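Heads up, the thing below is written out as structure tokens.
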Amino acid sequence: MKTAVIILPTYNESRNIKELLNRIIVVSKKIEDWIIKILVVDSSSPDGTAEIVKEMGKYNKSLHIISTEKSGLGQAYIDGFSYCMENLNPYVMFEMDADLSHNPDDIPAFLNKIQDGADFVVGSRYIKGGSIPKNWGIDRKIFSILGNLVIRFGFMKLSITEWTNGYRAIKTWLVKEHIDTLRGYTGYVFQVAFLDNAIKSGAVVKEIPVNFIDRVEGSSKIDSFEYIYQTLKYVFFHSTFIKFAIVGGVGFIIDFGISFLLIEIITTAVWLSTIISAETAIVSNFILNNKWSFKHKKISRKSGRKSFIWSFLKFNIIASGSIIIQTTAMTVTTNIFGLTYWYIYKVLIITLVIIPYSYFFYNKLVWKENG
């Protein structure tokens, strides 16, 4: 049978930990085909959390505990992952809060998704059947919902509804592959970083609905402002879409500059100027996207000349579509409204049409197979 280890980071959870552990143990006994173990990673809690766990461990050999320094949620999980891989031989590791906000009754649903082929299962509050507490204030609801939306659109991964909830089941191969990278994220942004890295490595990500329960005992450890800052910073510097948009901005400057030179200075026909400027920008975009935006699935000559040529051909077919769209749109708008504000039409066409069109097809067709 395969082993699943439920990792519980704790700091001053003496009023919650006994009930949580008892509930997990009860659920574990009902699960067939899995060996369930529990690892508490206690960050030197002064309230006696570790002593409660050690006492319970005398009567349940599936319960383990390690004590660490208080260094943030991410570091607690890194310590827990490392201990598990060295001592418990897990096939799957769970992330789970120790404040009773995550319902142990959901554990079988996570494991079912794993058995169905998922590599990374997230408990989502934002799909049918999931929920956030009704008694949350409007500010907290907005913070939670808007925060996840910003991340979803920042990464342009709209199919994944939940990025911040810490109730997850993760196959060990993903932990092994990314643990060194994740060591740099000690706080709550660790959750966003891990999911992002898993997606970029080709993991099959699935969601199950969970009903988040607000803690009754103890206090939250989240520093909201620090969390918001770190999350936005992470998304900005790691989002493929944002990098793509920046590259698009560089391409726009090239496109716009050449158009201005040809149309205003040399007085070349609009249709010809547009073709020349757009094609030059497209070549620039391909080079920069391949080396930066889609670096994690870079098209390389090492993969074979035919593969590289085929990828480049697909890129140019899609790029031709953007040239046709932009040339047609520019011709139509300038014929209807005149040349006076051609640059405004160009900005709108590139921003609202060309960039979304290009990102979708480049990401799905050109670089997809290299992930």
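The numbers here are math on the coordinates, done by the rules we state, and not lab data. Everything quoted here is computed from the prediction, not taken from an experiment. Neighbour counts are summed over all protein chains in view; Cβ atoms, including those assigned to glycine, are modelled from backbone coordinates with ideal geometry.
Here K70 and V353 are evaluated by their C-beta separation; at R0 = 30 Å the FRET efficiency comes out at 0.05.
Database remark: amide H of L8 closer than 5 angstrom to the amide H of L39, V40, V41 (H placed geometrically; neighbours at sequence offset of 5 or more, or on other chains; Pro and chain starts carry no H). Among the listed pairs K54/K200; K171/K243; K157/K314; K206/K295; K70/K157, a Cα-Cα separation exceeding 31 Å is found for K54/K200; K70/K157. Between amide H atoms placed 1.01 Å from N, distances below 5 Å from T268 occur with I263, all of them 5 or more places distant or on a separate chain.
Inter-label distance, V26 to Y343: 7.0 nm, where each label sits 7 Å from its Cα along the C-beta direction. The distance separating the Cα centre of segment 224-286 from that of segment 147-209 comes to 28 Å.
Phi angles of segment 35-47 translate, via the Karplus equation with coefficients 6.51, -1.76, 1.60 and θ = phi - 60°, into HN-Hα couplings of 9, 9, 10, 10, 10, 8, 10, 9, 8, 6, 4, x, 9 Hz per residue; Gly and Pro are given as x.
Across segment 101-109, coupling constants 3J(HN,Hα) worked out from phi with the 6.51/-1.76/1.60 Karplus curve, θ = phi - 60°, read 7, 10, 7, x, 5, 7, 4, x, 5 Hz, and Gly and Pro carry x. In terms of its C-alpha gyration tensor, segment 1-115 comes out prolate, because a/c is 1.5 or above and the ratio a/b outweighs b/c.
The modelled label-to-label distance for the pair D33/K128, using points 7 Å beyond Cα in the direction of Cβ, is 2.5 nm.
Rounded to the nearest 500, the 222 nm mean residue ellipticity of the chain from helices alone is -16500 deg cm²/dmol, with -39,500 (n - 2.57) taken per DSSP H run of at least 4 residues. Is the C-alpha gyration tensor of segment 161-215 telling us rounded, prolate or oblate? Criteria: a/c under 1.5 is rounded; beyond that, a/b larger than b/c is prolate, otherwise oblate. Oblate, because a/c is 1.5 or more while a/b does not exceed b/c.
Relative to the longest principal axis of the Cα atoms of the chain, the long axis of helix 17-29 lies at roughly 80 degrees. By DSSP, the beta bridges lying fully in the chain are antiparallel in about 25 percent of cases. The phi torsions of segment 8-16, fed into the Karplus equation with coefficients 6.51, -1.76 and 1.60 and a -60° offset, translate into couplings of 10, x, 9, 8, 6, 10, 4, 7, 10 Hz, rounded to whole numbers, with Gly and Pro shown as x. Applying a DSSP loop filter and a limit of 10 other Cβ atoms within 10 Å to the trypsin sites (Lys or Arg not before Pro) in segment 22-85 leaves K30, K58, K61. Report, to the nearest 10°, how far helix 270-288 tilts away from the longest principal axis of the Cα atoms in the chain, using its own Cα long axis and a range of 0 to 90°. Approximately 30 degrees, to the nearest 10. Please work out whether segment 2-236 counts as rounded, prolate or oblate from its C-alpha gyration tensor, where a ≥ b ≥ c are the square roots of the eigenvalues and a/c under 1.5 means rounded, while otherwise a/b larger than b/c means prolate and anything else oblate? Since a/c stays below 1.5, the shape of segment 2-236 is classed as rounded. Relative to the longest principal axis of the Cα atoms of the chain, the long axis of helix 138-155 lies at roughly 50 degrees.
Extension gain, Q115 to F260: 0.36 nm times the residue separation minus the Cα-Cα distance gives 46.4 nm.
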